[in-house]
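What follows is a short report on a single structure.
The values are calculated or read from the model by the stated rules, or taken from the named source; none is laboratory data. What you see is a predicted model; the values in this text were computed from it and never measured. A quick note on method: Cβ atoms are made from the backbone with ideal geometry, for glycine too, and the neighbour counts reach across all protein chains shown.
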Amino acid sequence: MAARKDSKQLIMMKDNFQYDIFLSHSAKDKRVVLALVNRLEQDGLRVWVYEREIKNGPIPTQIEAGLGASQLLLVAVSKNGEGSRWMKLERDVFISPDPMNEQKRIVVIRLDKTKPSGILSVFGYFDWIKKSKKEYSELSELLKELTIGKTYGLDHATIARVYDYFLGGICNTAADRAVANSLQKKYPNFKKVVISNRAFLRRAVRYLAEAGIKQFVDIGSGLPTQGNTHEIAQEICPNARVVYVDYDKLVVETSRRLLKQEPNQHVRVVLGDLKKPHSILHSDGMRIIDFRKPVALLLVAVVHFIIDDNIARKSVQTLRQQLAIGSYIAISHASRSKELGAVAKPMGKVYGQKVADIKQRQKKEVFELFDGITLVEPGLVFTPSWHPEIKDSYVKTSQLPFVNEPYRSLILAGVGVVVRKK
Ligand SMILES: C[S@@+](CC[C@H](N)C(=O)[O-])C[C@H]1O[C@@H](n2cnc3c(N)ncnc32)[C@H](O)[C@@H]1O
């Protein structure tokens, strides 16, 4: 069962879906509640257990933080439970500009025959008297349904959240975790492929910042994680400007929220699709970028999500045409090069079925994306072979996966410089 955390930890986790359910119950119902929690956890739901009844009045910080960390509040009401309490909670918890909190729902389960007044007007109500096995599974199904929201596609796995889970992040849901775990089970190297790709991004950003680049456009940026582009770039150049772009609304909202907590006047987040480069270029956020000066365009683990070869090439070209001489493009891309043998193809197929279609391209095809650009040393190589010596505060060179067998990283990477206008 989930260990209880102190309030400091709780606050740190606020706004992240570390838990599916925040369950509040009174100490006297402990036995039945523990049985329920075991069942829910067997079904893959993560439960935060709060062994206290929620009282009238202001919501204690601990509860508020726990709610921020979970998608659903489950209240176990025993004999003297009062509906008015939950009504009050509903008012206090639901009215929030936080997009994650729009998903927040309250479900009340009754552990006793007494029906608390007003309870049906909260979101859900489950009559919990007999505690038979069937009821356990019914409740579990209901809760699974309720912990998945539609607005942000929380009911199915997404590229960004599955990636986040593999990187050890906490912005993912039961659906993402289930898919990630099944991918990992089938292909035990999956996590390492992701770690290796992210490490390439960090090294490439450091390389570019050290080369004097002060402007970065990171398309397909993903959920904020350890070592974000602006953090690395600003370590070297504190005024470095960074525009993050992603087509996933949740990625954009989460990134903006994080920036609100740590305001950074040189960073913007744009909702945009790489397949529509003009709309990215004309977005408000992009105004902080001066395309007359060198820019680093990062397309890390994103072009392979554009299945049509012509659209993929055209999107990259359109962006490249904006870049001044001295600008760079960094690309990493899922490969189906010969040295990968029979592994890559089925892996891509399974990923396509479970998360999103992916086009693994031949080395020659990835190379063509750098059309009109001069690749810097060591050229287009598998991620661990791209300057493994560059400092990375998160993965030491000695711990970098696949350094001795780089092809197993499955992803090709390269950085090119614009030496002439096309
Ligand atoms: C695998 S993650 C990579 C994140 C980050 N670039 C990295 O390499 O660590 C791919 C990201 O690209 C985004 N993405 C996929 N297709 C996209 C598109 N056509 N336009 C913009 N973003 C896209 C996904 O939402 C996801 O956040």
Could you go through the stretch 289-309 and let me know if any residue there is among the acidic types (Asp, Glu), more than 14 Å from the ligand (Cβ to nearest atom), at pLDDT 95 or above and not in a helix (DSSP H, G or I). yes
When the stretch 386-422 is examined, which residues are found to be among the polar types (S, T, N, Q), over 26 Å from the mean Cα position of the chain (by Cα) and outside any loop (DSSP other than H, G, I, E, B)? 398
From 209, 204, residue being touching a helix residue (DSSP H, G or I) at 6+ places or on another chain (Cβ under 8 Å), of a type in the set (Gly, Ala, Ser) and at pLDDT 95 or above: 209
Could we say that residue 225 is within 13 Å of the ligand (Cβ to nearest atom), modelled with pLDDT under 90 and β-branched (Val, Ile, Thr) here? yes
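Yes/no matrix, rows are residues, columns are (1) assigned to a loop (DSSP other than H, G, I, E, B); (2) buried (at least 23 other Cβ atoms within 10 Å of the Cβ); (3) modelled with pLDDT under 70:
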| residue | (1), (2), (3) |
| --- | --- |
| 23 | no, yes, no |
| 31 | no, no, no |
| 36 | no, yes, no |
| 41 | no, no, no |
| 44 | yes, no, no |
| 55 | yes, no, yes |
| 62 | no, no, yes |
| 73 | no, yes, no |
Quick one: how many residues across the stretch 155-166 are within 11 Å of the ligand (Cβ to nearest atom) and either surrounded by fewer than 20 Cβ atoms within 10 Å (Cβ to Cβ) or among the polar types (S, T, N, Q) (or both)? 1
Hey, can you tell me all the residues within the stretch 202-222 that are in a loop (DSSP other than H, G, I, E, B) and either within 16 Å of the ligand (Cβ to nearest atom) or not assigned by TED's automatic domain parsing to the domain that holds residue 285 (or both)? 220, 221, 222
When you scan the stretch 171-186, how many residues do you find that are surrounded by fewer than 17 Cβ atoms within 10 Å (Cβ to Cβ) and either within 13 Å of the ligand (Cβ to nearest atom) or not in a helix (DSSP H, G or I) (or both)? 0
Going through the stretch 251-288 in order, the residues found to be part of a loop (DSSP other than H, G, I, E, B), modelled with pLDDT of 95 or more and not charged (D, E, K, R) are 266, 272, 274, 282, 283
Examine the stretch 365-382 for a residue that is buried (at least 20 other Cβ atoms within 10 Å of the Cβ), out of contact with any strand residue (DSSP E or B) (no Cβ under 8 Å at 6 or more places or on another chain) and within 23 Å of residue 183 (Cβ to Cβ), and state whether such a residue exists. no
Counting only residues that are within 20 Å of residue 312 (Cβ to Cβ) and of a type in the set (Lys, Arg), how many does the stretch 242-282 have? 2
